[in-house]
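Structure first, then comments.
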Amino acid sequence: TTEGLLVIDNNTWDVYTSKNSKLPSDKIRKIIKIKDNILIATSKGLVKYSNDFEVILSSDKNGIIDDDFISMSVDHNNVVWLGTNSGLYSFSNNIWRIYNTKNSELPNNNIWDIVIDGEGKKWIATKRGIITIQDDQWVLFNKKNTPLKTNTIKSLVYDDYDQIWVGTDKGVVSFDGEDWKKHKISHKKALVTSLFIDDFDNKWVCTLKDVIVYNIDGVEFKNNISAQNSVIVSK
């Protein structure tokens, strides 16, 4: 959350903050388990948890330009990829590297989401399209070479059928490796803030107005979730 890390264990709730733990920030961006450790991306660095919190990548510790990590993913080689508003970081064996518009083919330094597909390809969501990275080959997808209606990519998710789902400031599209498909949304101006796939392969799409759910075939359920028809108190 933005107010610390909530841990639930056997119906016991514990809240860890920068005041009662070694967390550098109360703003928790993302949590991933890697091997026997838990990685926590915060607004002030990357934290590893194994019996205790330890900052392993930050401006103070490593001298990096930006340690407000917005997004995080781990590839098949256990390399950690981190997105900031100043570029993309890779981190492995205490060695970090930054990629930005000056030293790479990134179209923009705002890295809003990162996913790894079944082949180990990195999909990077930016303000100016999607960039993929595999074996040092960079490929850009944007309005010029795809049916995307916008270059503002807010969220990405990879499903069990090798499809990439893309959340933009103008709705949702999916890509199966060959074809792009736009998915209908009840309201036109749908800024997608996040995407999630459940155990039944339903796609949950969070927008500024409501939560939209697509079934396994990509068909939108009729009754979307909003503050008017659910226990949601805030959008």
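None of the figures in this text is laboratory data; all of them are computed from the coordinates on show. Since we're looking at a predicted model, the values are computed, not measured. Here the Cβ positions follow ideal geometry from the backbone for every residue, glycine too, while neighbour counts run over all protein chains shown.
Computed over the chain with a Gaussian network model linking Cα atoms closer than 10 Å, the most mobile of Asn85, Asn11, Asn100 is Asn11. Between Asn37 and Asp199, the modelled labels are 3.0 nm apart [label points 7 Å from Cα along Cα→Cβ]. Contact order for region 1-93, expressed relative to its length and based on alpha carbon pairs under 8 Å spaced 6+ residues apart, stands at 17 percent.
Could you state the number of Å between the C-alpha centres of region 1-33 and region 109-125? Cα centroid to Cα centroid, the span is 25 Å.
Over 18 Å between Cα atoms, which of Lys27/Lys203; Lys121/Lys182; Lys22/Lys61 qualify? From Lys27/Lys203; Lys121/Lys182; Lys22/Lys61, over 18 Å: Lys27/Lys203; Lys121/Lys182. Loop-resident trypsin sites (Lys or Arg not before Pro) (DSSP state other than H, G, I, E or B) in region 90-194 with no more than 13 further Cβ atoms inside 10 Å of their Cβ: Lys102, Lys143, Lys144, Lys149, Lys184, Lys188, Lys189. The calculated FRET efficiency for the pair Lys48 and Thr1, based on their C-beta separation and a Förster distance of 22 Å, comes to about 0.70.
Shown here for region 1-49: trypsin sites (Lys or Arg not before Pro) in loop regions (DSSP other than H, G, I, E, B) with at most 13 other Cβ atoms within 10 Å, namely Lys19, Lys22, Lys35. Equivalent-ellipsoid semi-axes for region 1-81 (Cα gyration tensor, √(5λ), whole Å, largest first): 20, 16, 11. Remark on Thr207: its backbone amide H falls under 5 Å from those of Thr193, Ile212, a criterion applied only to residues 5 or more positions apart or on other chains, H modelled at 1.01 Å from N.
Given springs between every Cα pair under 10 Å in a Gaussian network model of the chain, which of Ser174, Ser18, Ser58 has the largest fluctuation? Result for the chain, Cα springs under 10 Å: Ser18 fluctuates most.
Give a quick list of chymotrypsin sites (Phe, Trp or Tyr not before Pro) in region 156-210 that DSSP marks as loop, anything other than H, G, I, E or B, with at most 15 other Cβ atoms within 10 Å.
Tyr161, Phe200
Counting only residues at least eight positions apart within a chain, or on another chain, the lysines with an alpha carbon under 16 Å from that of Lys209 are Lys154, Lys170, Lys184, Lys188, Lys189, Lys222, Lys235.
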